[in-house]
Structure formats: structure tokens, C-alpha cells
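The structure appears right after this line, and notes come after that.
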Amino acid sequence: MSRHNGNAPGSPGKKRKGTKLTGAKILFEVLKDEGIGVIFGYPGGAVIDIYDTMPQYDIRHVLTRHEQAAVHAADAYSRTSGKVGVCLVTSGPGATNTVTGIASAYMDSIPLVVFTGQVPSSLIGNDAFQEVDIVGITRPCTKHNYLVKEASRVAETVREAFYLARSGRPGPIVVDLCKDAIAGEADFVLPPPACMKGYTPTYEPHKGQVKKAAQLIAKSKRPVIFGGGGVILSGASEELRTLAEKITAPVTTSLMGLGGFPGTHDLWLGMLGMHGTFRANMAVTECDLLISIGARFDDRVTGRIDSFAPHAKIIHIDIDPTSIQKNIPVNVPIVGDCKITLHQLNAVLDYEDPANVSEKRRPWLDQIRAWKETAPLAYSQCKNIKPQFVVEKIYEMTRGEAIITTEVGQNQMWAAQFYHFDRPNSFVTSGGLGCMGFGLPAAIGAQTACPDRIVVDIAGDGSIQMNIQELATAVENRLPVKVAILNNGYLGMVRQMQELFKDRRYVATDMSHSPDFVKLAEAYGAVGLRATTPEEVEPVIRKALELDVPVIMDFVVEREECVYPMVPAGGAIKDMLLA
Amino acid sequence: MNQEERHTISILVDNEPGVLSRVAGLFSGRGFNIVSLNVAETLESGLSRITLVSYGVAQIQEQINKQLRKLVNVVKVTDFSDSDCVEREMALVKVQSDAAHRAEVLRIADIFRCKVVDVSPNDYTIEVTGNRGKIEALIDLLRPVGSLEIARTGVIAMARSKKGIKK
């Protein structure tokens, strides 16, 4: 009678004596079971055993040129593929280099698991070579984290890490693996699905609350729907559209919600908040009902709280109870998953004759149209290239179907304003943390997840230099990302604030000492193109889109252009600066 | 509405390294003040109880409680208002006093039904157990009598049983 070989994955639940495997092998067995196909990483001494084991498994490794880029790439991979992004870095400086990326994923609630190497467990606390307390350092900016000191704990910890990363409100998890845990051996049995006593997220909403929401909707004359990143994370864009069309309510989103509702739809108001559209900010200020779905009322969106939606009753749907009643008091809080809640809400709403609804909404929609005509998103052309023009051209020539990643600052805001996203998982930006250097590695991650889509990083000349070394990663992995640098020779957003609020005292914002980006692209083995006049913009974009290699497009744009509208920090959103 | 109040919170947590750090970090990271904190194992294996007193506005406290519940290692959070729980704290108070006042120290200890657990030519160490009011009162009475050094456990609390039988 042959003895069962415990090394058979896909035989869940049965507790049997497993085979002895190294911690490294156990790690890959669980990764395989979790369906992980790509790891973004950078090796080092502490993780050399993991790298040595990697070729035995069918897993693709993308070697970045900085650990921060590995995390941003995994982040974007997650946003565009719907899977959990995975990173692998070494101990000490490798781990500390990931902190920025982890903090950004935490702020934007992106499911990510970051494996960091650690010194052998006996050396912890000894100030050993390349030792750092990464669990302590990332405690405030991870959803949860783990230190693994023995090989026998690897399987269960990794299983839990993925469960936590993707469930409830998603977030980054750090798993710190001691060298002896990786090299040591333990009996391996595939762990069952994770189940944690202190962690039970609520997906199903309270039926009574959903009914209350439906009642408020029926009575409302000037409703506005406000979607956030939660709509995209939950996959609720269909349900959102159904709701909007059913009750004929105009829709706005936060930066993180862009793409959650089609940007070309009649009911689209544009983005809300500090650099949102005039009509979106006015509509929220004058509405009588605000239906907020998967958003957290961040200060960039609300402006001064006492003048945010002052005449409105507020319905707030979110999976995280801590987001509800945090900044804004609401009338109908609903804790639940956005997709499930919207589905139930749509079912419970009374059927009303569409002609009736249109009549009810006519004055409101007319008012919104008037606001749009008063102050549409506009800019004036001149002999220099206007940055807004570049984004519009990119939108036109990619037919609105590209994945757009951005850096941070003016480039990010113009991308959000002038590229109209019709589908979710197409706009990848560091929203909550606002981390420069995000765009190029994010483009790499997105292109890895979606090899058949065009991926464009809209960047500034300051931001692009923060992770420019990733051009090597793009070229090596044949990822034909396109980088559009809106090159104005300044740290644009800060310069704008210095212009508007500091009497044009430009301190430390002059970036005219930048490299020749075309030559830099060629030095990395990519293609570099430049446009200096408006007529050159279209041919440059066309050429870049035709080439199947990474391309840098250096657009030399008007130096002192400002992003409008702008709500001064701490101001009310209705008091926008328009020019 | 904006009155600062004292809140006693009892938190049941997984007994794992770093949990206390996580809970304390949640307070410090958001600028909340922890007045006292006590943690020990419970009879359920793998679970510990943290009893914590914080001081702040009620709306902020509501946010703290939600943030605590969100922590993966936190199993249950109970926020006691004063009437719903029994609170106790223990303190060791070392009183250094001259010959004239030494008798007074013993009288005060006797009134509060405290034990004297250490004695030397210059000082007494008194052990006192009770609610916050009793401990504060003892300290106030001892202060004029001599110089004090104090070690306190911080409050522990247990919910009161429901009064009567619900029909």
C-alpha cells in the first residue's frame, strides 16, 4: 500500500503528513495555489534562497531597477488585472525602499503582498548587517503585517496575507521572512482558506438602511451620485450606471473613481473637488441628495466641510465602517460592498415612469447645463504647446481606450481633466499619497497585466526623473510603454501655488537643469521623440503609437500654465478660481 | 458636544507579538492621548485583554473605537460608560515623612483600609486598591504629610451584570 505523497496541491482540507520542503519551496507552493503568475522584485543576500528556488516554478519575475518601482509596478498590475500584486525584495535597504510604494497602496486601498527578506531569527535585534524592523516601520501604513521566524509558519502566513490583501477594504500586506525560515525545512500541507476570528468584513448591507436610502431617493428633486475608488475596487460600474440611468441622476467621481462611470455619458459631471469641474462642484453644493458610493470624503474633494453639500441629505455606502461619519455626518450610512449594495438598491427602488422622472429632473439638468456653459474646462491656444492640448491629442489618438498612468502634480490633474475614461481600471494614479515617480513603474506594471492595450504615462519633467531608471526595465521586458513628458522646466504644481499664493516667489521649483530626455531614452535603448511646436504634437504621438517599443515623448510646453478650476486649500468648493 | 471626556475601553486581542504596539500606535498616530493602559492574558487561550483609558471628544472616541475594531488582531471592543462597569486600580505609594507625621500616615492608611507593605526609618510603602476616586483621595490626603512616589497599575474593568430579569 503506497504512502500518500503529501506534495499534491489541489487536494484541500485533508490533514495528512506532508513532505518536508524548504520555506522557499513552501512559499512558491502557496503562491501557485493563489494563482500568482508575476512577481516584481529586486534580489539581495537575505532572499537569495528564494531566488534560487524560483526557476523551479512557472512564475515570471520582473526585475526593476529600484525597489520603490517594484511596489508601484505591482500596485498598477493589481489595479489593471484584478489580481493581488506581489513584490519580493531583500532585507534592510531593500525593505525600506518599499515604504513609499506601500504607503501609496495603503492610501488607495490596493491589494498587494510585499515579501521582504530578514536576517536569521537569532540575529534579530542585534543591529545585524542589512537588518531593519520593517514590521515596525510599516505598521501604520499596511493593512496588516507579519514576521515569519520559522519555516513551519510560512504556509499559513502567506495564505492569510493574500486573504487579508484582497478581502474587505483591500490593502497592502508585508510579510517579513527570516533567512532561516526560508532555508529551513518543514512539513508542508496546503493550508485551508484563511479564517480569522477578529476579522469579519461586512459585504451584505443592512436591508433596512437600503430601504431608507430608496425612500430618500424617491423624494429627491436634485440628486447627485458621487463615486469613489471603491466603485472600481468592487467592480460596481455597471450597477452604478444602472442606478444613474434609473433615477436620472448626474454623476461625479473623485480622482480615484475616474472610469467608474463613463466620461462620455450625458449624465457625467466631471471630477469633483480641488481641481474638479465647475459644474461638478456647483452641483454638489446645490444638490438636495448626495449618494456617495465607495468614497471617503477626502479633503481634496470636500474643501471646507461646513460648505460641502450644505443643503443635501447624504447616503454613504462603503465597506469600511471607519470611513463613515469620519469627516462628514451622513443621514443614511450603509456598510457593505458597493456592487452588492447597489444591486440591492436598484432592485428595491420603486419603478417610476421614465417620462415622469425626466420631467422631475428637467430643471436640475437645465441648471447643470447652464453651469457647464458658464465655465467649461478650457484653455487658450498660443504659439507654444499647451499641456492640456497634449492630453487632448493623446485622448483623441488612443480613442479613449488607453490605460493612462500619471505622475503627480499638474500633469496628473490635466490627465484627469482632459482624458475621458469610459471604463474602469484604465486610470492608474497615486491618489491618496500623491507620490511622484509613480507613473513610469505603474505603466510597466499595467503593461505587464495588459499586454494588448496601449499604456501611456503622463508625466512632468520633475516626476519622471524620480524613477527614470525604470526605462531599463521596460526595454529589457519588451514593454512598449509610452511616456508623455509635459516638460515645462518647473515643479509645476508647487510653482502654481507660489504664483497664486506667494506673490510669484519661485523658491526651489526651477527644474530647467534637466537631462536631454531624448538622448536619455536612447541611452537606455528606448526611442526618444521631441515636439516644440503645436504642429509637431500629433506626428510625435502618431509615431510613438506605431512603434512597438518604449518611447519617451518630450513635449516642451508653455512654462507657466496653471490648472483651473482651483479650490484654494481650506476653501469652499463653490469658491473656485477659474482663471 | 465638544466636551472632552474620559473613556474606559476593554479590548480583547489575539495574544501575538506586536499587537500592543499596533493598538498604541493607532492612538499616537492620530494624536489621541492614552491616560493608562493595562494588558494581561485571559482564561481563553490565545486571547489577552487590554484595558485602556483615553481622554478626548466623543466623536473622536467613536472613530477610535471603529479603528480598533478594524485591526485584524482585535476580536472585541467594549466602550464602557461609567455606570456600566466595575473599575478597579491598584497603587503602591511610598511616603517619605518626618517623625512628626509618621503616625498620620498610618491613620490615613487605616481609614482607607490600605495595607502597609514596607517600612523603614524614613518611609512607609502603602498598597491601595479601589476605584479612581478612592486612589485620588488617598493621594490628596497623603501629599501634605510627606513626599510621594507612586506606581499605578492603570484601570481594569469588568461589565456589570444586567439588573433584574427582562420579560
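Within region A:11-99, considering only strands (runs of 3 or more DSSP E) that don't extend past its boundaries, which have at least 1 residues that are farther than 24 Å from A:G171 by Cβ?
Counting at least 1 such residues, we get A:19-22, A:60-63.
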### Task
Scan region A:276-296 residue by residue and report those that are buried (at least 20 other Cβ atoms within 10 Å of the Cβ) and part of a loop (DSSP other than H, G, I, E, B).
A:G276, A:T277, A:C287, A:G294, A:A295, A:R296
### Residues located in region A:299-335, provided they are within 23 Å of A:M576 (Cα to Cα) and of a type in the set (D, E)
A:D299, A:D306
### Query
With (1) within 11 Å of another protein chain (Cβ to nearest Cβ); (2) at pLDDT 95 or above; (3) in contact with a Gly (Cβ under 7 Å, 6 or more places away or on another chain) as the list, and A:G171 as the residue in question, which single condition is left unmet?
(3)
### Message
Can you tell me which residue is farthest from the other protein chains (Cβ to nearest Cβ) among those in region A:139-156 that are crowded, with 20+ Cβ neighbours inside 10 Å and of a type in the set (S, T, N, Q)?
### Response
A:T142
### Query
Taking region A:306-320, which residues are modelled with pLDDT under 95 and within 14 Å of chain B (Cβ to nearest Cβ)?
none
## Note on the structure
Considering region A:299-325, residues that are in a loop (DSSP other than H, G, I, E, B) and surrounded by fewer than 20 Cβ atoms within 10 Å (Cβ to Cβ), and then whichever is farthest from the chain's Cα centre (by Cα), we arrive at A:H311
#### Entry: Contacts under 6 angstrom Cβ, first residue in region A:251-271 being at negative phi, partner hydroxyl-bearing (S, T, Y), 6 or more apart
A:G260/A:S237; A:G260/A:T253; A:L269/A:T252
### Task
Could you give me the residue pairs with C-beta distances under 7 Å whose first residue belongs to region A:500-514 and is within 17 Å of A:N488 (Cβ to Cβ), whose second residue is aliphatic (A, V, I, L, M) wherever it lies, and which are 6+ apart or on separate chains?
A:T509/A:L491; A:T509/A:V494; A:M511/A:L491
### Task
Collect the residues in region A:414-434 that are buried (at least 23 other Cβ atoms within 10 Å of the Cβ) and of a type in the set (A, V, I, L, M, F, W, C), keeping them in residue-number order.
A:W414, A:A415, A:A416, A:F421, A:F427, A:V428
### Message
I need a count of the residues in region A:133-176 that are over 23 Å from the mean Cα position of the chain (by Cα) and not in a helix (DSSP H, G or I).
### Response
7
### Query
Among the residues of region A:476-514 satisfying the criterion of being of a type in the set (D, E) and either within 16 Å of A:Y524 (Cα to Cα) or out of contact with any helix residue (DSSP H, G or I) (no Cβ under 9 Å at 6 or more places or on another chain) (or both), which is surrounded by the fewest Cβ atoms within 10 Å (Cβ to Cβ)?
A:D503
### Task
Would you point out the residue of region B:39-55, among those that are more than 10 Å from chain A (Cβ to nearest Cβ) and surrounded by fewer than 17 Cβ atoms within 10 Å (Cβ to Cβ), that is nearest to B:I9 (Cα to Cα)?
B:Y55
### Query
Only one of (1) in contact with a strand residue (DSSP E or B) (Cβ under 9 Å, 6 or more places away or on another chain); (2) at pLDDT 90 or above; (3) within 14 Å of another protein chain (Cβ to nearest Cβ) is not met by B:A58, so which one is it?
(2)
### Task
Evaluate the following for A:K393: is it assigned by TED's automatic domain parsing to the domain that holds A:G434 and within 27 Å of the chain's Cα centre (by Cα)?
yes
### Message
It is to be established whether one or more residues within region A:82-94 are polar (S, T, N, Q) and more than 12 Å from chain B (Cβ to nearest Cβ).
### Response
yes
### Task
Determine, yes or no, whether A:V456 is surrounded by fewer than 21 Cβ atoms within 10 Å (Cβ to Cβ), touching a residue at least 12 places away in the same chain (Cβ under 8 Å) and among the hydrophobic types (A, V, I, L, M, F, W, C).
no
### Summary
Here the qualifying pairs (Cβ atoms under 6 Å; residues six or more apart or on different chains; first in region A:189-201 and within 14 Å of another protein chain (Cβ to nearest Cβ); second of a type in the set (S, T, N, Q)) come out as A:G198/B:N73; A:P201/A:S167
### Query
When region A:288-311 is examined, which residues are found to be over 24 Å from A:K339 (Cα atoms) and hydrophobic (A, V, I, L, M, F, W, C)?
A:I305, A:F308, A:A309
### Task
May I ask you to list the residues in region B:64-99 that are within 10 Å of chain A (Cβ to nearest Cβ) and without any contact (Cβ under 8 Å) to a residue 12 or more places away in the chain?
B:K66, B:R69, B:K70, B:V72
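In the set B:G29, B:G46, which member is within 16 Å of B:Q67 (Cα to Cα) and in the same structural domain as B:K70 (by TED's automatic domain parsing)?
When all the criteria are applied, what remains is B:G29.
Let's see how each residue does on (1) touching a helix residue (DSSP H, G or I) at 6+ places or on another chain (Cβ under 8 Å); (2) acidic (D, E):
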site: A:V30; (1), (2): yes, no
site: A:I36; (1), (2): no, no
site: A:F40; (1), (2): yes, no
site: A:P43; (1), (2): yes, no
site: A:D49; (1), (2): yes, yes
site: A:T53; (1), (2): yes, no
site: A:R65; (1), (2): yes, no
site: A:A69; (1), (2): yes, no
### Task
Kindly indicate the residue of region B:11-34 that is away from every other protein chain (no Cβ under 12 Å) and in contact with a Gly (Cβ under 8 Å, 6 or more places away or on another chain) and also surrounded by the fewest Cβ atoms within 10 Å (Cβ to Cβ) among those meeting that condition.
B:N33
### Query
Does B:V105 meet the test of being assigned to a helix (DSSP H, G or I), buried (at least 16 other Cβ atoms within 10 Å of the Cβ) and either of a type in the set (S, T, Y) or in the same structural domain as B:S147 (by TED's automatic domain parsing) (or both)?
yes
### Message
Every residue in region A:107-132 that is in a loop (DSSP other than H, G, I, E, B) and surrounded by 15 or more Cβ atoms within 10 Å (Cβ to Cβ), please.
### Response
A:D108, A:S109, A:I110, A:P111, A:V119, A:P120, A:I124, A:A128, A:Q130, A:E131, A:V132
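The values are calculated or read from the model by the stated rules, or taken from the named source; none is laboratory data. Bear in mind the structure is a predicted one, so any value in this text is a computation, not a measurement. Ideal geometry is used to build each Cβ from the backbone, glycine not excepted, and the neighbour counts take in all protein chains shown.
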